[in-house]
Amino acid sequence: MLPAMSIVMHDLAGADPDLRFSPYCWRTRFALAHKGLPVETIPWRFTETEAIAFSGQGKVPVIRDGAEVVSDSWAIAEYLEDRYPSPTLFGGTGGRAHALFVNAWADAVLVGGIARFIVRDLFDVIDPKDRHYFRISREQRFGTTLEAVQEGREERLAAFRNQLMPVRLVLRRQKWLGGTAPSYADFIVAGTLMWPHCGSPFALLAGDDPIGTWFREVQALYGGLGLAAKCV
Ligand SMILES: N[C@@H](CCC(=O)N[C@@H](CS)C(=O)NCC(=O)O)C(=O)O
């Protein structure tokens, strides 16, 4: 079943409105594409809190599907699965439970880890009107300057790459994190990797990393949605 109108999604953008790099918004973009749901994305900047006030919170992604408003990428994935069951994102209740673990791992380990490699690069690509807010809020979070957070990244790279070993071990045995077909687990991890891929020139994955091969295959899905993404 298709919605009567396109789903509208507020999607984080840089100074360049075509530059979309949010790890959470990409999870939702892949999920919508997997469901075959048409979407109209609206570029959103960190300081445009008024534009998403109707959702009752201050972060993106936010989707509007007719009268329904849903925020938070995980809540959106569950909403889409329940409202538009086929094709499935999770592959049943067990798959949904396991995807929740992947989501928690990506939020706690991947997002936190990646931020330390790219947060100063992101400052350069976000809209100038967002820069003051971004610097103050992130420096408060990290307890130091953006420059200091990112410093020494070359030396920290090997340890970060080791943290991705669970993904490699799974992909050694099966083509997708979802098994024989892509599932929301793939979109969580690939969506998160779209963040450094689009927002920073820094190469986080080694050229011969099998995760890179799988990542390009996820990007190639749905007419090359991820491959077509604008990157810095
Ligand atoms: N748990 C939320 C996190 C969403 C989130 O943190 N979004 C970021 C953009 S990547 C945001 O809107 N940040 C606003 C801010 O920092 O003020 C989800 O999964 O959607």
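Taking R0 as 41 Å, what FRET efficiency do you get between Q57 and R168 from their Cβ-Cβ distance, rounded to the nearest 0.05? Once the sixth-power term is evaluated, E becomes 0.70. What FRET efficiency comes out for the pair L157/R131, r = Cβ-Cβ distance, R0 = 41 Å, nearest 0.05? Computed FRET efficiency for L157 and R131 comes out at 0.95.
What a 1.4 Å probe finds exposed on the chain is 57% carbon and sulfur by accessible area, rounded to a whole percent.
To the nearest 500 deg cm²/dmol, what mean residue ellipticity at 222 nm is calculated for the chain from DSSP H runs of n ≥ 4 alone, each contributing -39,500 (n - 2.57), summed and divided by the residues?
Per the formula, -16000 deg cm²/dmol.
Translational diffusion coefficient of segment 108-232 (Stokes-Einstein, Kirkwood radius from Cα pairs, 20 °C, 1.002 mPa s): 137 µm²/s.
Which FRET efficiency, nearest 0.05, do R83 and E217 yield, Cβ-Cβ r, R0 25 Å?
0.35
Start at zero, step by 5 Å, and the Cα-Cα distances of segment 17-144 spread as 2, 9, 17, 21, 19, 16, 9, 5, 1, 0 percent across the bins. Once the Kirkwood radius over Cα pairs is known for segment 122-190, the Stokes-Einstein relation at 10 °C and 1.306 mPa s delivers a diffusion coefficient of 105 µm²/s.
Only the Cβ atoms of Lys and Arg (+1) and of Asp and Glu (-1) were treated as charged; on that basis the dipole of segment 101-142 about its Cα centre amounts to roughly 140 debye. Each Lys and Arg Cβ is given +1 and each Asp and Glu Cβ -1; about its Cα centre, the chain then shows a dipole of about 480 debye. To the nearest 10, the accessible area of F54 is 80 Å² with a 1.4 Å probe.
Sequence-distant contacts, meaning Cα pairs under 8 Å at least 6 residues apart, place the relative contact order of the chain at 26 percent.
With all protein chains present and a 1.4 Å probe, how do E147, E50 order by accessible area, largest first?
Ranking E147, E50 by accessible area, largest first, yields E50, E147.
Largest accessible area first, the listed residues K59, K230 line up as K59, K230 when surface is computed with a 1.4 Å probe on the assembled protein chains. Counting only the heavy atoms of the protein chains, how much of W26 is accessible to a 1.4 Å probe, in Å² to the nearest 10? It works out to around 10 Å².
Taken about its Cα centre, segment 99-232 carries a charge dipole of about 220 debye when Lys and Arg each add +1 at the Cβ and Asp and Glu each add -1 at the Cβ. Using a probe of 1.4 angstrom and keeping all protein chains present, the accessible surface of segment 1-143 works out to 45 square angstrom per residue.
For segment 72-122, the mean projected area of the C-alpha convex hull, equal to one quarter of the hull surface, is 4.3 nm². With viscosity set to 1.306 mPa s at 10 °C, what whole-number translational diffusion coefficient in µm²/s follows for the chain from Stokes-Einstein and a Kirkwood radius over Cα pairs? Estimated via Stokes-Einstein, D reaches 87 µm²/s. Ranking of M9, M165, M1 by solvent-accessible surface, largest first: M1, M165, M9 (1.4 Å probe, protein heavy atoms only, all chains present). The residues of segment 156-201 present an accessible area of 44 Å² per residue when probed at 1.4 Å with all protein chains retained.
Cysteines in the chain lacking any other cysteine Cβ under 4.7 Å from their own Cβ: C25.
The values are calculated or read from the model by the stated rules, or taken from the named source; none is laboratory data. This one's a predicted model, so the numbers in the text were calculated from it and none came from an experiment. Ideal geometry is used to build each Cβ from the backbone, glycine not excepted, and the neighbour counts take in all protein chains shown. Calculation scope for accessible area: heavy atoms of the full protein, side chains included, ligands and nucleic acids excluded. Shrake-Rupley method; radii C 1.70, N 1.55, O 1.52, S 1.80 Å.
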